[in-house]
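Coordinate-derived values only; no laboratory data. Everything numeric in this text was worked out from a predicted model, so none of it was measured. When we count neighbours, we look across all protein chains shown, and the Cβ atoms used for this are built from the backbone with ideal geometry, even at glycine.
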Amino acid sequence: MASMHIFRIALLLFASTNEIRAREAIRPAEDVGQIIKDLVGVNGAAEAGGACILDIQMDLPHSKQQPLYLYPDTDTYWLPDKEGLLEIPANANIELYCDHSFSIGDGIEHSSSIRVRCLNDKAFQWNGQKWELSDFTCSTPLTYSVEQLSQRCGDGDDQSPARLYRVGYNISEGRFVRTIELCHDARQLQTHYASYQLIPANALFQRGVKRIKFSAAGHFSGYDMNRLYSQKAQRRRVAELYQRLNATENGLGFLEKGQYLTRGHLAAKADFIYASQQRTTFNYVNVAPQWQIFNGGPWQIIEDKIRELVSRLDLSVSVYTGTHGVMPFSRQTAFHLANNASGNGSGVLPVPLLYYRLLIDNRNPSRGLAIVGVNNPHATQSEIEQSYIICPRVEAPWLQRWLQAKDLRKAYLYACRVADLAVAAGHLPPQLEDVNDLIEEP
């Protein structure tokens with residue numbers, strides 16, 4: 001069982017939550033091969049015996065105070081199995097991390113990292129006494145970071161302004177516990193994609209984790225992101241765009257019937273297991289403007305169905321959730337929510353034409369699946385057929401039944417091969433252009 005955990009965890013470069021820091025150009029995380037070596041070394045020392053088995057919904061502390069649960073001396077979460085059970089072999093250590101100090105029972109431990117040893121069942125040993133994992137909480141909420149890396153991303157052009165960013169916990173020099181990787185163009189206030197991992201356990205993410213306020217995470221200098229996403233600011237922006245077109249309308253018709261743009265998560269909160277991971281999704285680098293009618297309905301259903309698919313087929317997948325194109329406001333005008341802060345009049349914070357979600361099978365990287373959704377409630381069927389189909393559609397019977405389900409009929413969704421979508425998007429990692437096989441459901 002321990003070896004299975006090693007295999008699963010080595011495929012994941014996760015991380016975690018709450019307040020936020022920003023940093024500049026730092027080196028990328030340690031490669032997967034080294035993590036595998038570290039994990040084998042850590043777990044090879046564990047003796048056989050009765051494991052500690054904990055239900056992540058019931059046996060861990062309140063989500064706001066949870067520490068990170070790590071393989072010792074690594075940047076890797078110790079994740080549960082597909083039944084939602086966290087298993088630590090007898091006599092093995094699990095590392096717990098808090099930013100500053102721990103609350104343990106009635107006392108305070110002034111350390112950011114401690115190790116507790118599994119005895120059996122739910123009992124652990126620390127400092128010569130028996131404890132349960134629920135006894136170990138952080139004195140203050142964990143603080144996560146959104147850090148710009150040195151690598152460029154996007155279309156591969158050396159002059160491309162898009163850079164990779166990592167989201168997670170910077171716990172020490174050389175140890176960054178990552179949850180999400182993002183490709184973001186700071187000039188355009190535009191994130192091309194978020195990349196992260198899904199395994200069957202993600203379908204059993206911790207419930208009851210409260211949403212937190214979105215943060216700029218130290219980025220977006222010169223812009224008030226909270227204001228730009230407000231409905232009041234959207235109405236003003238639409239009126240301004242109508243005025244530029246010399247239209248007689250007041251601009252509110254574009255937001256009729258309660259329609260408005262919301263902060264559309266790229267890496268979804270529910271795509272992460274632990275509370276510490278879920279909270280790291282609430283930053284503006286991880287969102288893009290998305291119509292609420294699409295965000296709160298069909299796209300959320302797609303997110304749920306993908307987690308169910310990964311669990312049902314017992315997959316481990318790399319996920320890329322991203323945006324493509326800019327929604328038209330008129331024949332002459334693209335829809336941006338703001339003007340460039342430099343005052344040159346160009347638009348920034350584009351409203352995406354499309355959202356997509358790609359799955360890559362980690363065990364067979366030639367297999368994948370791409371789902372594309374139209375982010376425009378005003379588009380007609382003929383307009384969609386003409387301008388919104390960016391890759392040849394695939395029509396596997398099981399997939400068609402899935403996409404045409406009753407609860408998805410209010411949106412236009414289609415599926416492609418990953419390779420075709422990657423070529424059309426132009427900003428994804430080049431190796432995805434070789435993913436030609438389709439993930440099949442028996």
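General observations
- For the chain, the longest principal axis of the Cα atoms and the long axis of helix 32-44 meet at an angle of about 30 degrees.
- Helix 300-312 vs. the chain, principal-axis angle (Cα, 0 to 90°, nearest 10): 40
- Charge dipole of region 67-127 about the Cα centre (unit charges at C-beta), most positive-ward option of 86, 107, 119: 119
- Distance between modelled label sites at residue 259 and residue 55, nm, 7 Å Cα→Cβ extension: 4.5
- Think of the chain as a dipole: +1 on every Lys or Arg Cβ, -1 on every Asp or Glu Cβ, centred on the Cα centre; then among 239, 176, 397, 239 lies furthest on the positive end.
- Along each principal axis, taking the top coordinate minus the bottom one, the Cα set of region 166-234 gives 39, 32, 22 Å in descending order.
- The helix-only estimate of mean residue ellipticity at 222 nm for the chain, built from DSSP H runs of length n ≥ 4 each weighted as -39500 (n - 2.57), is -5000 deg cm²/dmol after division by the residue total.
- Table column - 3J(HN,Hα) (Hz), region 161-174, Karplus curve with 6.51, -1.76, 1.60, x for Gly and Pro: x, 6, 10, 7, 10, 10, 10, x, 10, 8, 8, 5, 4, x
- For 175, 187, 307, order by how many other beta-carbon atoms lie within 10 Å, fewest first: 187, 175, 307
- Candidates 424, 288, 216: whichever shows maximal mean-square fluctuation once the chain is modelled as a Gaussian network with Cα springs under 10 Å: 424
- For the chain, a simple Cβ point-charge model (Lys and Arg +1, Asp and Glu -1, everything else neutral) yields a dipole of about 1480 debye relative to the Cα centre.
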